[in-house]
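Scroll down for the structure; my scribbles are underneath it.
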Amino acid sequence: MAEQLAQRAWVRLVKPIDGVLLLLTLALMAVGLTTVHSATADNSSRLLAQAMNMSVGLAVMWAVAQLPPQKLMRFAVPLYLAGVVLLILVFFVGIKVNGARRWLSLGFTRIQPSEILKIAVPLMLAWYFHKHEATLKARHYAVACLLLLVPFVLIAKQPDLGTAILVGAAGFYVIFLGGLPWKVIVGLLAAGAAAAPFAWTMLHDYQRKRILTLIDPSSDPLGAGYHIIQATIAIGSGGSFGKGWLEGTQTHLEFIPERHTDFIFAVYAEERGLLGNAVLLLLYLLLIGRGLMIAANASTLFARVLAGSITLSLFTYVFVNVGMVSGILPVVGVPLPYMSYGGTALVTLSVGVGILMSIQTHRMLVRQ
């Protein structure tokens, strides 16, 4: 009897876990941990902290995977409202770091409310479209855009353009997958192009400088162009097979800025070379492919658009980070999933993967 109970308990623990997603996530975590070790060879406390972050991320992933999609829907509205309220509080009592006010102090730790919106926005919009699935009209898409615009503007004003882009992309993917007509998308793109001069004037000086430096990094080699120049040197010097783990000269002579966070791809590329880059991108491609399969096989509109948004958001993370480190996109604060040092973004990503596991496990449920 005891053996049967133990077996049932084990099944309950393991059943919600998608083996493919878990293996790919663990592989990326392993690569990320070794790269963080190389980037912070003189600081073992950061390596230990990142290992703890990954452990917390795996625990959160497992916990979220236990929740069926209909229970996840119950969190949509309160999580979204709580996230927006916290974003507003940031402007009044937030902690200012490096000229940006993005954090709230809880006494024993700090939280970044904008990270909550990376999950809350797609969850809210997926719930909204699921609720109005039978009667979707133009006004519903307008309301969805408004629900997305509020946190996007609040985050962009902190200023935190990188996170605003990720939140905006996650919300847009839900709206697009919810059936937004192509003619509307083309109209929005045209309007965006027309508004570009106005948007340029709204950017902060350092943001405009980053865009101009992208065109010609050598115009400010010791200032705004320094990040791009040093990162591209590191990537190019890695060659086909890399210099070897812990052997990156650009890394260990401290030429690469933010080498353990936003620019960790430059550290990896220098040590592992073109072949290592191909393996890393393949892991991401497989993870994204698995997520798209889960979205395609989802049993409800809520699950389908939510899984699609989470998966495409992961693609956006990778594309933007690798693009900025490689010098083809402006420098923005976007981490490389499961590679960059940090706990908040890693837990957010793990929540997303946990949601994918939940949708995959419960895909045969009857529509609610």
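Here, each number is a calculation from the coordinates, and none is a lab measurement. Fair warning: this is a prediction, and the values are worked out from it, not measured in the lab. Here the Cβ is made from the backbone with ideal geometry for all residues, glycine too, and neighbour counts use every protein chain on show.
Brief remarks follow.
- Projecting the Cα atoms of VAL84, VAL174, ILE185 onto the charge dipole of the stretch 76-202 (Cβ charges, centred on the Cα centre) puts VAL84 farthest toward the positive pole.
- A simple spin-label model places pseudo-atoms 7 Å from Cα toward Cβ; at LEU188 and LEU285 they are separated by 2.9 nm.
- Centroid-to-centroid separation of the stretch 283-347 and the stretch 241-258 [C-alpha atoms, Å]: 26
- The chain shape via C-alpha gyration tensor axes, a/c threshold 1.5: oblate
- Cut-off under 5 Å, modelled amide H: who pairs with LEU329 long-range: MET324
- Per residue, the average separation of C-alpha pairs within less than 8 Å and at least 6 apart gives the stretch 93-174 a relative contact order of 31 percent.
- Rounded to the nearest Hz, the phi-derived 3J(HN,Hα) couplings of the stretch 86-92 under the Karplus curve 6.51 cos²θ - 1.76 cosθ + 1.60 (θ = phi - 60°) are 5, 4, 5, 4, 4, 5, 9, where x marks glycine and proline.
- Sparsely packed loop sites in the stretch 217-291 (the chymotrypsin sites (Phe, Trp or Tyr not before Pro) outside DSSP H, G, I, E and B with at most 13 other Cβ atoms within 10 Å) comprise PHE241.
- Residues of the stretch 337-365 with amide N under 11 Å of a point placed 7 Å along Cα→Cβ from VAL56: 342-348
- Over the residues of the chain, the helix contribution to mean residue ellipticity at 222 nm works out to -23500 deg cm²/dmol, using -39500 (n - 2.57) for each DSSP H run of at least 4.
- In the stretch 76-202, lysine pairs with alpha-carbon atoms under 28 angstrom apart (chain gap of 8 or more, or interchain): 8
- Residue by residue, the stretch 137-143 carries 3J(HN,Hα) couplings of 9, 4, 5, 5, 5, 5, 5 Hz when phi is fed to the Karplus relation 6.51 cos²θ - 1.76 cosθ + 1.60 (θ = phi - 60°); x denotes Gly or Pro.
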